[in-house]
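Below: one structure, written as structure tokens.
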Amino acid sequence: MTALQLVWFKRDLRVIDHQPLQLAAERGVVLPLYVVEHRLWEEPDASERQWLFCRESLLELRRALAAHGQPLVVRCGDVLEVFERARRQFGIDALWSHEETGNGWTYQRDKRVAVWARRHGIPWREIPQFGVTRRLRSRNGWAKRWEAQMAEPITSSPAGLVALEGVDPGALPKRPCAELPPDVCPERQRGGRSLALLELGDFFERRASRYQRAMSSPNTAFTGCSRLSAYLAWGCVSMREVLQASRSCRGRGITSFESRLHWHCHFIQKLEDQPAIEFSDFHPFMRDLRESDAARLEAWSQGMTGVPFVDACMRALRSHGWINFRMRAMLMSFASYNLWLPWRDSGLHLARQFVDYEPGIHWSQCQMQSGSTSINTIRIYNPIKQGMDHDPEGIFIRQWCPELRHVPAIHLHEPWALGGGMPPPIVDVSASMQQAKDRIWAIRRSAGFDRHADAIQRKHGSRKAGLKPTTVGRRAPRSGARSKPHSEQLSLEL
């Protein structure tokens, strides 16, 4: 057998528009490989709901590859040990994969892979998957490059793969590691490309026209949004496929949807350029600002804060593994401002809850919604107002907080006002919002704050915003005045 073209699947679980697979197949015999890395699934941002979605997608990928002649080969353990066994057994002519902007663990893992490949003289061909530019020097021209990449032709699946004789495809384990705790998520989306394509077709055929109206309220978002985010996060469909399908449609909602595809990659680019933002605040003045509080974190994560709309959203998220962006932002805002919890603490819980967890988007948004980016207007969501705006009749609250089903609608968003034994929330909503606002603005007025904020804007700010670094808001707005949000606060629900 000639030396193999090893195609390493990670979060790109498809055969269509998979350039590494196609290019490898053009050059020789392909070993399509997925490694179940137990240490990855031991990380604090991993959850069983994510694994089950991944596993379902892997099973379908294995069938798709088998139909082309060679099923997906699955191995468990350390990826370097698996690669080394393949090198010694067959020889590896080249290693192929998509670029990945993952969490800190995968970043360090990929650095180890690069060292191993160089040591053995094996070229590692990494192909961009999203519109993210590796080793980017400047954001200037980023949007133009994104458009050019998304306009490239969609690659077809390989014409045929040579079956590897004597290679056991391997079993796909029920669980990736013993340490992953059980995670009940009864209403989560199921993985796999076939379901992704059904969701894609249904959105553009039936739902896209109401997308812009439906995205904000949890009463309409579950069916009004595209629901493609998990399939994009796990690579069941490519960003290019989704954008080109969108461009073939017309309608008001499509424009709004396409802008979110752009912002999807814009935020991942931030983590690509600065991996440390998963762990450390963008702005140095914001570091070590908040203190961990296990009791508050537990109440928030269990949907037991006593604020009905917050609790309803958290309970819905736990059951579905998804909730719309505005509600994600509100949950993060409440944790960061009202409860004054570190964004890393609350962010890890949300990461585990999201089946569509995408590290680049997630950690940028956690910092943005907690005020740590410092290039955005402070945006503290009033959870009572959010409930009144997006669930005025209390339909969503009654569904997820059945203990409140007998509370009159006029009091449903603030049931403690009724008295009669209704417990107050764990914090005073108004007072905690004001206290947080005062603390953040005091920091923003500090000497030297603007200099760091301008540097962050130059490095990470969107050039489409049309904002210069000096236009970042510096002063607190007049009492009662509304601040125009920075363009990067456009919502990202898909």
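Key figures for this structure:
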quantity	calculated
Filter result for Arg405 (basic (Lys, Arg), at pLDDT below 95 and over 30 Å from Gly131 (Cα atoms))	yes
Ser259 being among the small types (Gly, Ala, Ser), within 30 Å of Ala453 (Cα to Cα), part of a helix (DSSP H, G or I) and at pLDDT below 95	yes
Unmet criterion (only one of (1) polar (S, T, N, Q); (2) open to solvent by 10 Å² or more (accessible area, probe 1.4 Å); (3) under 30 Å from Ser374 (Cα atoms)) for Gln244	(3)
Filter pass, Thr101 being polar (S, T, N, Q), in contact (Cβ under 8 Å) with a residue 24 or more places away in the chain and more than 21 Å from Val29 (Cβ to Cβ)	yes
Test: Met239 is in contact with a Ser or Thr (Cβ under 7 Å, 6 or more places away or on another chain) and touching a residue at least 12 places away in the same chain (Cβ under 8 Å)	no
Failed item, numbered, when Val237 is tested on (1) crowded, with 17+ Cβ neighbours inside 10 Å; (2) in contact with a helix residue (DSSP H, G or I) (Cβ under 6 Å, 6 or more places away or on another chain); (3) not hydroxyl-bearing (Ser, Thr, Tyr); (4) not in a loop (DSSP other than H, G, I, E, B)	(4)
Members of the range 396-429 found to be touching a residue at least 24 places away in the same chain (Cβ under 8 Å) and either open to solvent by 60 Å² or more (accessible area, probe 1.4 Å) or aromatic (Phe, Trp, Tyr) (or both), listed by number	Phe396, Gln399, Trp400, Glu414, Trp416, Pro423, Pro424, Ile426
Close pairs from the range 276-287: first within 18 Å of Tyr107 (Cα to Cα), partner surrounded by fewer than 15 Cβ atoms within 10 Å (Cβ to Cβ), Cβ under 8 Å, at least 6 apart	Ser280/Arg287
Any hit, the range 86-93, residues being within 25 Å of the chain's Cα centre (by Cα), farther than 21 Å from His460 by Cβ and modelled with pLDDT of 95 or more	no
Of the criteria (1) at pLDDT 95 or above; (2) buried (at least 18 other Cβ atoms within 10 Å of the Cβ); (3) of a type outside the set (S, T, N, Q), which one Leu4 fails	(1)
Residue ranges of helices (runs of 4 or more DSSP H) in the range 275-386 with at least 3 members open to solvent by 10 Å² or more (accessible area, probe 1.4 Å) and under 30 Å from Gly224 (Cβ atoms)	308-320, 325-333, 343-353, 359-369
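The values are calculated or read from the model by the stated rules, or taken from the named source; none is laboratory data. In this text, all values refer to a predicted model and were calculated from it rather than measured experimentally. Cβ coordinates were reconstructed from backbone atoms using ideal geometry, including for glycine residues, and neighbour counts include every protein chain displayed. These area figures cover heavy atoms from the full protein model, side chains too; ligands, DNA and RNA do not enter into them. Shrake-Rupley method; radii C 1.70, N 1.55, O 1.52, S 1.80 Å.
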